[in-house]
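To start, the structure under review is shown below, and the notes come after it.
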Amino acid sequence: MFESLGFETLTAPQVAVMFGALVGVLFGVLAERTKFCFRRAVVGQDRRAAAGVWFMALASALIGTQAAVAAGLIAFDDHRFMTGDLPILAILIGGALFGAGMVLARGCASRLTVLGGTGNLRALFVILVFAVVAHATLKGVLAPIRTSLGSVTLPLGDAVSLAALPGGALLWSAVIAVAALAVALRSGNRPGTLLLAALLGLLVPLAWVGTGYVLYDDFDPIAMESLSFTSPATEALFFTIASTSIPAGFGTALIGGVLVGALLASLVFRSFKWQSFTSPRETGRYASGAALMGIGGVLAGGCTVGAGLSGVPTLSLAAILALVAIAGGALVASRALGEAAPRGLAVPAE
């Protein structure tokens, strides 16, 4: 479709960078305003309200994504989420590590990127370590861990998606969407907050359709992708230090856009605040969490946004399993650290 848009001096990859920046800015603004965070939804002291925001976003992401699939705009048949050999051990271990890491760092990769834009230096430190360790797991010294665990697979054949189960995509989309909406509507959030969360979720199908349909170009193809933070964080890191040899892509621009969007929102609504570490022990805790998320995000095939908010709407069993493993790892880590708290208490600064 890209050929018909009338761009004469720009290529599809170049427009994808601008598109990624736009999506990132919108995500940064909406996530900052709604305090979008999967960790808080699982183990936070205000988990009911946080879960309402997260699941409202998931419901709109799912409905929008499956509507685009039904309209024939996009398809996930060849996407990595739909591999016939499920790397089950990597997903389970990676998800658990990521979940434990986000408890140690008091936020997942997406939440910390947003916080980084609001003046939280702890969050920026975590994202930097996260990106380095994730790249080391993808292509560096930690890659043997990824290849070894990834070699243990479960052959699923065509049953890689809920769409292959009885009832098909329509039934399972409805089941998940209704359940997510039920959580959201019973969360006690204001309608305005839920509306913003729904708009945040719609960024997922917007990105899928934008990269997989609108910007599709046979002569200069780009990858179909949506919101995620593991691979984009590594791309942004290396673009920053080697921009003359490594071109920016959708993911690189997405990370930059999220930081800018969160910064703008925090300045407009006066929530910007410089924050940093208070002790070496705290620094070590956050660094450990960042490292676990870096390894875990790669092994699991994504973070709470890449595998969760963007992956689950594809109805991929791999993505659903990864999100469940992340939640399980967070619960175990929270209890092991003695951080489980009764509802209703004040939420500490992240």
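Worth a mention:
- Whichever residue in the stretch 229-280 is in a loop (DSSP other than H, G, I, E, B) and open to solvent by less than 40 Å² (accessible area, probe 1.4 Å) and, among such residues, is nearest to LEU309 (Cα to Cα): PHE229
Residue-wise test of (1) within 16 Å of ASP77 (Cα to Cα); (2) at pLDDT 95 or above; (3) not in a helix (DSSP H, G or I).
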position	(1), (2), (3)
GLY157	yes, no, yes
PRO166	no, no, yes
TRP172	no, yes, no
ILE176	no, yes, no
LEU181	no, yes, no
GLY192	no, yes, no
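- Among the candidates SER334, SER316, the residue that is in contact with a His (Cβ under 9 Å, 6 or more places away or on another chain) and either at pLDDT below 95 or not basic (Lys, Arg) (or both) is uniquely SER316.
- Residues in the stretch 189-216 that are open to solvent by 20 Å² or more (accessible area, probe 1.4 Å) and within 18 Å of LEU10 (Cβ to Cβ): TYR213, VAL214, TYR216.
- Single residue of the stretch 58-73 satisfying the filter (open to solvent by less than 10 Å² (accessible area, probe 1.4 Å) and touching a Ser or Thr at 6+ places or on another chain (Cβ under 8 Å)) that is farthest from LEU195 (Cα to Cα): THR65
- The set of residues from the stretch 301-328 being assigned to a helix (DSSP H, G or I), open to solvent by less than 10 Å² (accessible area, probe 1.4 Å) and over 20 Å from PHE36 (Cα atoms) comprises just one member, THR314.
- Of residues in the stretch 14-40 being open to solvent by less than 20 Å² (accessible area, probe 1.4 Å), of a type in the set (A, V, I, L, M) and closer than 29 Å to ASN120 by Cα, the one farthest from the chain's Cα centre (by Cα): ALA16
- Any hit, the stretch 124-136, residues being open to solvent by 10 Å² or more (accessible area, probe 1.4 Å), touching a residue at least 40 places away in the same chain (Cβ under 8 Å) and closer than 21 Å to ARG33 by Cβ: yes
- Residue satisfying all of: in the stretch 42-82; modelled with pLDDT of 95 or more and polar (S, T, N, Q); nearest to LEU331 (Cα to Cα) among these: SER60
The values are calculated or read from the model by the stated rules, or taken from the named source; none is laboratory data. Just so we're clear, the structure is a prediction, and the values are computed from it rather than from any experiment. Using ideal geometry, Cβ is built from the backbone for each residue, glycine included, and neighbour counts are taken over all protein chains shown. These accessible areas exclude ligands, DNA and RNA; they are computed on the full protein's heavy atoms, side chains included. Shrake-Rupley method; radii C 1.70, N 1.55, O 1.52, S 1.80 Å.
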